[in-house]
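Below: one structure, written as structure tokens.
The values are calculated or read from the model by the stated rules, or taken from the named source; none is laboratory data. Given the structure is predicted, the values throughout are model-derived calculations rather than measurements. FYI the Cβ positions are ideal-geometry reconstructions off the backbone, even for glycines, and counts take in every protein chain you see.
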Amino acid sequence: MGPSGRRRASLGALALAGLSAVGVLAVRRHELGPGLSRVRPELRAPLLALGRGPTGAPQEPTVVPPRVAAVASRVFPVGLGQRQAVPGQDGEVPVWVYETAERAAAGPTGALLWLHGGGLIAGTPAQDHMLCTRIARELGILVVSVDYRLAPAHPYPAAIEDCALVLRWLTEDSERLGVDPARIAVGGSSAGGGLAAALAQRVRDERRDRGAGPDRPGSTVPSIAFQLLVYPMLDDRTGAGGVEVPGRGEYVWTARSNAEGWAAYLGHRAGEPENRPWAVPARCEDLSGLADAWIGVGELDLFVEENLRYAERLRQAGADVQVRVEPGMYHGADHCTWSAAMRDFRAEALDALGRALRS
């Protein structure tokens, strides 16, 4: 075959490959269903790879191999992150600490205890390296991201115990860390947001039990100044049994995913009776005395209704709560930082956090 023949063959192969790709995309779009039209156009591309998420009845959750977290830590740039370990009675809790050199030399600042997402059964601080770096740089605060234990290998209360331990360390070592203990916020996304809400409840209860308050602050009793709750996972009753919620949770994190994650963490089927303290934030009957909050969620997220209910209950209990419901946004879409809407979503969250820790 001569040069011209080879060129025609190459062009033909490219044309066939292009037609094949178009066909695959068309099939994929069909699989994603009519709900795709409700997704912001610039957020649709990731769904072509991610798909709809698991559907059907809940199954036993898959145990995430330790090597997955190790690989993730190598793949995601660490930014300002420095790995440390916080000692505890039952062993060390790994954390990542983010701060600028200017903050370290500036004197006491606010701090954020950050908790990653992953449905309580997956995830790693590595996935939030760049977000935590941004927060540390833009707000000039210390950010501590907790590598808490995951279910099903470590069910409740392992994760909340790890988070509480790190918060106590941040409070007790505040002078050495250059942190104002009265300006410590908790935050997280998805499961991390739920753990942050549960930790706020736990700290409130412990302060009440110890008699700590404005007139009796208690030097080693942690306090929380603000809650940064990004599409938080708050209620195990949402989608219990894997029952789909119409118009919600169609992509990424579905009702089945939610039921599996909660079951692994709680040790029983999601939606069954649960009265252990700080296990399910939405089941807490008394929300008085909790810190002000920012809650952001997409209108297509499985968690939108439970987030709005929790926000309203916080308001009724006396907290100042700012809520953002983002049109056309599904669970975790704020990682699509090429979208102006998602950049604005994160910017609003950081602005709320900054104002809370400056006041």
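Structural remarks
- Hey, Val143 under 22 Å from Ala356 (Cα atoms), surrounded by 22 or more Cβ atoms within 10 Å (Cβ to Cβ) and modelled with pLDDT of 95 or more or not: yes
- Check on Ala69, at pLDDT 75 or above and either in a strand (DSSP E or B) or surrounded by 11 or more Cβ atoms within 10 Å (Cβ to Cβ) (or both): no
- Residue in region 101-116 that is touching a residue at least 60 places away in the same chain (Cβ under 8 Å), farther than 23 Å from Trp294 by Cα and touching a strand residue (DSSP E or B) at 6+ places or on another chain (Cβ under 7 Å) present: yes
- Beta carbons closer than 6 Å, at least 6 apart along the sequence or on distinct chains, pair a first residue in region 208-236 that is in the same structural domain as Gly110 (by TED's automatic domain parsing) and surrounded by 22 or more Cβ atoms within 10 Å (Cβ to Cβ) with a second that is polar (S, T, N, Q) and modelled with pLDDT of 95 or more for Pro222/Thr171; Val230/Ser189; Tyr231/Ser190; Met233/Ser190.
- Failed criterion for Ile224 (all others in (1) of a type in the set (A, V, I, L, M, F, W, C); (2) over 24 Å from Ala333 (Cα atoms); (3) modelled with pLDDT under 95 hold): (3)
- Pair list, Cβ < 9 Å and 6+ apart or interchain, from region 317-328 residues that are over 21 Å from Glu285 (Cβ atoms) and modelled with pLDDT under 95 to residues that are acidic (Asp, Glu) and assigned to a loop (DSSP other than H, G, I, E, B): none
- A single entry from Ala151, Ala136, Ala197 fulfils the requirement of being over 14 Å from the mean Cα position of the chain (by Cα), among the aliphatic types (A, V, I, L, M) and under 23 Å from Ala259 (Cβ atoms): Ala151.
- Among the residues making up region 140-160, those that are in a helix (DSSP H, G or I) and either of a type in the set (Val, Ile, Thr) or without any contact (Cβ under 8 Å) to a residue 24 or more places away in the chain (or both) are Ala158, Ile160.
- Exclusive hit being closer than 25 Å to Leu150 by Cα, in a loop (DSSP other than H, G, I, E, B) and in the same structural domain as Ala333 (by TED's automatic domain parsing), set Gln84, Gln127, Gln89: Gln89
- Arg44 meets all of the listed conditions (1) in the same structural domain as Gly194 (by TED's automatic domain parsing); (2) modelled with pLDDT of 90 or more but one, namely (1).
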